[in-house]
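The structure appears below as structure tokens.
The values are calculated or read from the model by the stated rules, or taken from the named source; none is laboratory data. Since we're looking at a predicted model, the values are computed, not measured. FYI the Cβ positions are ideal-geometry reconstructions off the backbone, even for glycines, and counts take in every protein chain you see.
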Amino acid sequence: MPADDAGAPGGLRAEAIEVLHTSGGRWSTLVAAGREWHDTALEATAFTQATSPARGWTGYAPLEGAPGTLEPPLPPVEVERRWRIWIAGPAQGHPERRERAEFVVGVPGRDETVECVWVGETWWSRSPTRGDMTNDGNPSIGHGSGPGAELVGVAALPAALDIVEAEHSNFLGRAVLKLRAIPARQDDEESLGSGRLGVHGLGAGAHDYQLLVDAERGVLLRSEARLAGRPFRIVEVTSISFDGEVEDGVFKL
């Protein structure tokens, strides 16, 4: 099906923006598993371009290794890792949002799985290197939640992206909106920073993104960040379910 007219009332672009904006109210629980894939060399090129001073970005500074430390091994060109997430919104007996994520960090050959649980503003995590950790409810101390969370936390995407193509499609047996989007132009520094952060987790520095948006629930089922037409980061769902019962034990380490 060809892409619709961007100015048509009720067109697919407007539908995509609406479903992304309202995604948080379209499901009560979510359980998903998926994969992330990187072309690490191309991803580094995209990130360097995105964070260069010429682009007005001052959020990062290079870090120099301490004297005598060994240089980390060069990563392979392609890396693939698996992740899982469980999310339950507020419900009877559980007034706070609960979430669990399991994902892999590190470099190939020294990968490790991180487990983290959030109940409201409190999180607990466990990994082989860092052991058991918690923020004891201090909201100023954050914790990464892995690539799966980038597919669910989509509220900032409509402001961060301009949708240039849209059509109906299917993925994993679900109706989706297949989009091609480019980073939105921002006229002021505040919007520039927030816009970049909106898509940063999907692949910083991409020229465009290929997105599959669940037409009913509004979450992303697949994201492909591209540089000069070549993909460098893919995050996608391999299985997903909504509104089922999630046992309390899932949200305990």
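Sort out which residues of region 89-128 are closer than 25 Å to Val77 by Cβ and either touching a Gly at 6+ places or on another chain (Cβ under 7 Å) or of a type in the set (S, T, N, Q) (or both), and write them in order of number. Outline the logic, then answer.
Start the filter on region 89-128 by keeping residues that are closer than 25 Å to Val77 by Cβ, which leaves 103-114.
Hits for region 89-128 are Phe103, Glu112, Thr113.
Just wondering, is there one or more residues in region 5-13 that are under 28 Å from Glu165 (Cβ atoms), modelled with pLDDT of 90 or more and of a type in the set (A, V, I, L, M)? First the steps, then the outcome.
Within region 5-13, the first condition is being under 28 Å from Glu165 (Cβ atoms), and the residues that meet it are 5-13.
Still in the list and also modelled with pLDDT of 90 or more: 12-13.
Now drop any that are not of a type in the set (A, V, I, L, M), which leaves 12.
Taking every residue of region 5-13 in turn, at least one turns out to be under 28 Å from Glu165 (Cβ atoms), modelled with pLDDT of 90 or more and of a type in the set (A, V, I, L, M).
What number of residues within region 135-152 are surrounded by 16 or more Cβ atoms within 10 Å (Cβ to Cβ) and either in contact with a helix residue (DSSP H, G or I) (Cβ under 8 Å, 6 or more places away or on another chain) or of a type in the set (Val, Ile, Thr) (or both)?
The total comes to 4.
Take region 92-111 and flag every residue that is assigned to a strand (DSSP E or B) and in contact with a Lys or Arg (Cβ under 9 Å, 6 or more places away or on another chain).
Applying the first criterion (assigned to a strand (DSSP E or B)) to region 92-111 yields 94, 98-105.
If the condition is that a residue be assigned to a strand (DSSP E or B) and in contact with a Lys or Arg (Cβ under 9 Å, 6 or more places away or on another chain), then Arg100, Ala101, Glu102, Phe103, Val104, Val105 are the ones that fit.
Mind checking which residues of region 218-244 are assigned to a loop (DSSP other than H, G, I, E, B) and surrounded by fewer than 21 Cβ atoms within 10 Å (Cβ to Cβ)? Walk me through how you get there before you give the answer.
Narrowing region 218-244 to residues assigned to a loop (DSSP other than H, G, I, E, B): 218-219, 228-229, 243-244.
Passing the criteria: Ala228, Gly229, Asp243, Gly244.
How many of the residues making up region 79-91 are modelled with pLDDT of 90 or more, surrounded by 13 or more Cβ atoms within 10 Å (Cβ to Cβ) and part of a strand (DSSP E or B)?
Qualifying residue count, region 79-91: 9.
Which one of the conditions (1) under 28 Å from Glu43 (Cα atoms); (2) modelled with pLDDT under 95 does Cys116 fail to meet, given that it meets all the rest?
Unmet for Cys116, out of (1) under 28 Å from Glu43 (Cα atoms); (2) modelled with pLDDT under 95: (2).
Could you tell me how many of the residues in region 199-217 are surrounded by fewer than 22 Cβ atoms within 10 Å (Cβ to Cβ) and in a strand (DSSP E or B)?
2
Just to be sure before I move on: is Val164 among the β-branched types (Val, Ile, Thr), at pLDDT below 95 and either within 30 Å of Thr122 (Cα to Cα) or in a loop (DSSP other than H, G, I, E, B) (or both) in the structure I sent? Explain how you work it out, then say what you get.
Values: among the β-branched types (Val, Ile, Thr): yes; at pLDDT below 95: yes; either within 30 Å of Thr122 (Cα to Cα) or in a loop (DSSP other than H, G, I, E, B) (or both): no.
No; evaluated as a whole, the condition is false for this residue.
Could we say that Thr51 is of a type in the set (Val, Ile, Thr) and at pLDDT 55 or above here?
Numbers: of a type in the set (Val, Ile, Thr): yes; at pLDDT 55 or above: yes.
Spelling it out, Thr51 is indeed of a type in the set (Val, Ile, Thr) and at pLDDT 55 or above.
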